[in-house]
Amino acid sequence: MDEKGLLLKDIKMIVGLGNPLKKFKNTRHNIGTFFIYYISKFYHVSLIFNKKFSGYTGTLILNNHKIHLFISDSFMNISGISVFLYANFYKILPEEILVIRDELDLKPGSLIVKYSQGHNGHNGMRNILQIFSKNHFFLQMHIGIGRPIFKSEICSYVLKYPTSLEIKKIDSVINKFLPYLSNLIFGKLLKTSKKFFLSI
């Protein structure tokens, strides 16, 4: 249990946030879905479209522990509904869910993992918190995409493709993190610290 009284649980579900449609597939806002595909490739897990939950699902087995991989096929700002339906069906608690999302306040090539009840303006995370109720903590991984110079450019910025240099940095930090995933799933990574930071 951490200093806030949160009982740390093993992760049973990993959600990658992003938008559907081919034109959004490789945009900055879909970094969360990138991560799920990296996991599926790293652990040789197939992702299959599941009409019942309106999303792509896969099952990862680590030390006889089942972890559900999930990418909603709904738009970012309403993706919390499909995440809730899936988690509810499999009786997965909010504290057992890892949500992967892009983060404007981190530079490409860096990420932070922490338990949080906040969304920092991220519409996908905001919707998840609204659907599940804001009283719940979620384990969140913030993957850096950087900020545009002007605030008015944020919407178009997140829906554009990262530069080749940004892609290289994002790829590198995700690959660097993957060996830590097992420790994160079983509660070892945040056992002595409130957050885990990694950069290249």
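Quick note: the coordinates plus some simple rules give every number you see, no bench work behind them. If you're wondering where the values come from, they're calculated on a predicted model, not measured in any experiment. With ideal geometry, Cβ positions are generated from the backbone for all residues, glycine too; neighbour counts draw on all protein chains shown.
Contact order for the chain, expressed relative to its length and based on alpha carbon pairs under 8 Å spaced 6+ residues apart, stands at 26 percent.
Ranked by the mean number of other Cβ atoms within 10 Å per residue, highest first, peptides 121-129, 84-92, 58-66 order as 121-129, 84-92, 58-66. Would the stretch 59-200 count as rounded, prolate or oblate if I go by the C-alpha gyration tensor, calling it rounded below 1.5 in a/c and otherwise prolate when a/b exceeds b/c, oblate otherwise? Taking the square roots of the gyration eigenvalues as a ≥ b ≥ c, the stretch 59-200 is oblate. Full extension of the chain between ASP105 and ASN50 gives 16.5 nm of extra length, using 0.36 nm per residue less the Cα-Cα distance. Summing charges over all other residues whose Cβ lies under 13 Å from the Cβ of THR163, with Lys and Arg as +1 and Asp and Glu as -1, gives +3. Net length available on complete extension from PHE89 to LYS160 is 22.1 nm, with 0.36 nm assigned per residue and the Cα-Cα distance removed. Look at where the Cα atoms of the stretch 98-163 and of the stretch 167-200 average out, and the two centres are 16 Å apart. Net charge of the neighbourhood of ASN175, taken over other residues with C-beta under 12 Å away and scored Lys/Arg +1, Asp/Glu -1, is +3. For the chain, the Cβ-based charge dipole about the Cα centre amounts to some 160 debye (Lys, Arg positive; Asp, Glu negative; other atoms uncharged).
FRET efficiency for the pair LYS168 and LEU198, taken as 1/(1 + (r/R0)^6) with r the Cβ-Cβ distance and R0 = 22 Å, rounds to 0.90. Note on the chain: helix-only mean residue ellipticity at 222 nm, from DSSP H runs of 4+ residues weighted -39500 (n - 2.57) and normalised by residue number, equals -8000 deg cm²/dmol. Full extension of the chain between ASN26 and ASN175 gives 51.9 nm of extra length, using 0.36 nm per residue less the Cα-Cα distance.
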